[in-house]
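Heads up, the thing below is written out as structure tokens.
The values are calculated or read from the model by the stated rules, or taken from the named source; none is laboratory data. Small disclaimer: the values here were computed from a predicted structure and weren't measured. Because the Cβ atoms are built from the backbone with ideal geometry, glycine has one as well, and the counts that use them run over all protein chains shown. Heavy atoms of the whole protein, side chains included, go into the accessibility calculation; ligands, DNA and RNA do not. Shrake-Rupley method; radii C 1.70, N 1.55, O 1.52, S 1.80 Å.
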Amino acid sequence: DAGITQSPRHKVTETGTPVTLRCHQTENHRYMYWYRQDPGHGLRLIHYSYGVKDTDKGEVSDGYSVSRSKTEDFLLTLESATSSQTSVYFCAISPDSSNQPQHFGDGTRLSIL
Amino acid sequence: AQTVTQSQPEMSVQEAETVTLSCTYDTSENNYYLFWYKQPPSRQMILVIRQEAYKQQNATENRFSVNFQKAAKSFSLKISDSQLGDTAMYFCAFRLYEKLTFGTGTRLTIIP
């Protein structure tokens with residue numbers, strides 16, 4: 001399995017608090033992604049990174065920010081969490097933008113009360 | 001923007017039977033890649049099979065095969081000799097350059 005670790009695996013927090021999710025990889029892959037999974041929507045891209053300090057928005061980026069200061073780490077931050085951000089969050093990695101599939105972490109279940 | 005449609009929210013089939021999951025997509029691009037991912041109750045996302053759009057030959061991985069119809073923009077997954085461990089959500093995904101677009105998934109249940 002691809003070396004991807006997401007932390008935490010589960011988190012419960014309150015509306016208005018900041019939340020940071022971490023994705024760590026040991027594969028030295030260039031691309032890293034954050035998705036959210038919600039019933040009826042499949043997985044939707046939040047943000048992705050194509051290198052250290054190089055990031056871009058996905059289709060559901062409002063309310064989220066990301067940072068990548070090292071190749072191996074990609075952080076997703078909810079500056080002020082809202083109940084609509086309750087979801088399962090997945091990190092994925094890919095070596096390049098060609099035909100290589102993305103490999104996924106085990107997900108983080110985030111509940112915002 | 002690319003879209004992926006999985007029109008079967010749920011399916012069930014008897015163990016050892018064959019089942020086909022459908023997927024259609026919309027794109028104006030010519031070179032892209034298609035994938036099927038499996039998500040069992042453990043929540044892991046597991047790659048099942050992939051297809052390059054420039055290849056006419058349908059991809060096969062053991063009991064899993066695809067029927068890729070490029071002109072019709074269709075990419076169905078066939079599971080032969082289905083097993084209890086095949087029970088999962090199945091997602092079709094379309095990749096163009098660095099981005100992956102997913103369908104909404106089909107929940108497949110294998111009945112003993």
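For this structure, a couple of remarks:
- Residues located in the stretch A:47-82, provided they are open to solvent by 40 Å² or more (accessible area, probe 1.4 Å) and either assigned to a loop (DSSP other than H, G, I, E, B) or in contact with a Pro (Cβ under 8 Å, 6 or more places away or on another chain) (or both): A:V52, A:K53, A:E59, A:D62, A:G63, A:T71, A:E72, A:E79, A:S80, A:T82
- All of A:G42, A:G107 fail the test of being in contact with a Lys or Arg (Cβ under 6 Å, 6 or more places away or on another chain), within 11 Å of chain B (Cβ to nearest Cβ) and open to solvent by less than 30 Å² (accessible area, probe 1.4 Å), apart from A:G107.
- Qualifying residue in the stretch B:93-104 (condition: in contact (Cβ under 8 Å) with a residue 12 or more places away in the chain, open to solvent by 30 Å² or more (accessible area, probe 1.4 Å), touching a strand residue (DSSP E or B) at 6+ places or on another chain (Cβ under 9 Å) and closer than 17 Å to B:M11 by Cα): yes
- Against the test of being closer than 21 Å to A:G42 by Cβ, modelled with pLDDT of 95 or more and basic (K, R), the options B:R63, B:R107 yield a single qualifying residue, B:R107.
- Residue list for the stretch A:24-33, filter: away from every other protein chain (no Cβ under 12 Å) and either of a type in the set (F, W, Y) or in a strand (DSSP E or B) (or both): A:H24, A:Q25
- Beta carbons closer than 7 Å, at least 6 apart along the sequence or on distinct chains, pair a first residue in the stretch B:1-25 that is over 14 Å from B:A93 (Cα atoms) with a second that is outside any strand (DSSP E or B) and open to solvent by 60 Å² or more (accessible area, probe 1.4 Å) for B:E15/B:Q83; B:E15/B:L84; B:E15/B:P112; B:A16/B:D81.
- Here A:L21 clears all of (1) touching a strand residue (DSSP E or B) at 6+ places or on another chain (Cβ under 6 Å); (2) not in a strand (DSSP E or B); (3) not small (G, A, S) except the condition numbered (2).
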